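The values are calculated or read from the model by the stated rules, or taken from the named source; none is laboratory data. All figures in this text were calculated on a predicted structure; none of them were measured in a lab. Virtual Cβ from ideal backbone geometry, glycine too; neighbours counted across all protein chains shown. Heads up: the accessible areas ignore ligands, DNA and RNA and are worked out on the full protein's heavy atoms, side chains in. Shrake-Rupley method; radii C 1.70, N 1.55, O 1.52, S 1.80 Å.
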Amino acid sequence: MTKEVAVLGGGCFWCLEAVYQEIKGVEHVESGYTGGHAANPSYEQVCEGTTGHAEVVAVTFDTDKISFRELLEIFFTIHDPTTLNRQGNDVGTQYRSAIYYQSQQQKKAAEQVIAEMANVWDAPIITELSPAETYYKAEDYHQNYFRQHPLQGYCAFVVAPKVAKLRKIFTEKVIGD
């Protein structure tokens, strides 16, 4: 078994976390922050938009079961990579679309998928592609958020539809019940 980590930002980290927790070959998903200039930022500081961090997930996966490329195909399906610093009603640099690659192989795969996705989306892909930076785990109450609060308003109206879309489009990649 070979493990890798993918660090992805696609708006609110609760959405990405909920989606990737459903995928075969994903060992662990953790919400956090990266891409900023302040050490040990808090959620409140990140939300203010002054630290430069993006809300991200760190996805630990088994490359024998799912590839980085496949994770990116899911990523580009469940969020809008054409809106700058925005996902739906979430607005700010902390909600940017971003891939923080861990290796040159991840960078190359991301470049290929971004080029392919340019043919799928009607607007230009603005996803940031950057080398991995210092990553900070988000506060414990953000971890497993959708699983713990499925009926909370944001979860019911924003996160749940993304999970449903994943289950419909990527049926063969979703962990069976």
Notebook entry, point to check: Nearest 20 debye, what's the magnitude of the dipole of region 100-173 about its Cα centre given +1 on Lys and Arg Cβ and -1 on Asp and Glu Cβ?
Noted result: 340
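Residue 38: net charge of surrounding residues, Cβ under 13 Å, Lys/Arg +1, Asp/Glu -1, itself excluded?
Spelling it out: positives minus negatives among the neighbours equals -3.
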Margin query: Roughly how far apart, in whole Å, are the Cα centres of region 114-169 and region 69-88?
Written below: 7
Check: log10 I(q)/I(0), Debye, Cα-only the chain, no solvent, q = 0.18, 0.20 Å⁻¹?
Finding: -1.22, -1.55
Notebook entry, point to check: Based on Cβ point charges of +1 for Lys and Arg and -1 for Asp and Glu, what charge dipole magnitude is obtained for the chain about its Cα centre, in debye rounded to the nearest 20?
Noted result: 300
Notebook entry, point to check: Given a 1.4 Å probe and the protein chains all in place, what does the accessible area of residue 100 round to, in Å² to the nearest 10?
Noted result: 0
Check: When the Cα atoms of region 24-76 are enclosed in a convex hull and the volume is divided per residue, what value in Å³ results?
Finding: 93
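Find the Cα radius of gyration of region 115-177, compare it with 2.2 N^0.38 Å by division, and give the number to two decimals. Spell out each step's value before the answer.
Details: Rg = 15.9 Å, N = 63, 2.2 N^0.38 = 10.6 Å.
The value comes to 1.50.
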Notebook entry, point to check: At a Förster radius of 45 Å, what calculated FRET efficiency corresponds to the Cβ-Cβ distance of residue 174 and residue 39, to the nearest 0.05?
Noted result: 0.75
Notebook entry, point to check: How many percent of the accessible area of the chain is carbon or sulfur, using a 1.4 Å probe?
Noted result: 52
Margin query: Can you tally the net charge around residue 65? Count Lys and Arg as +1, Asp and Glu as -1, for every other residue whose Cβ sits under 14 Å from the Cβ of residue 65.
Written below: -3
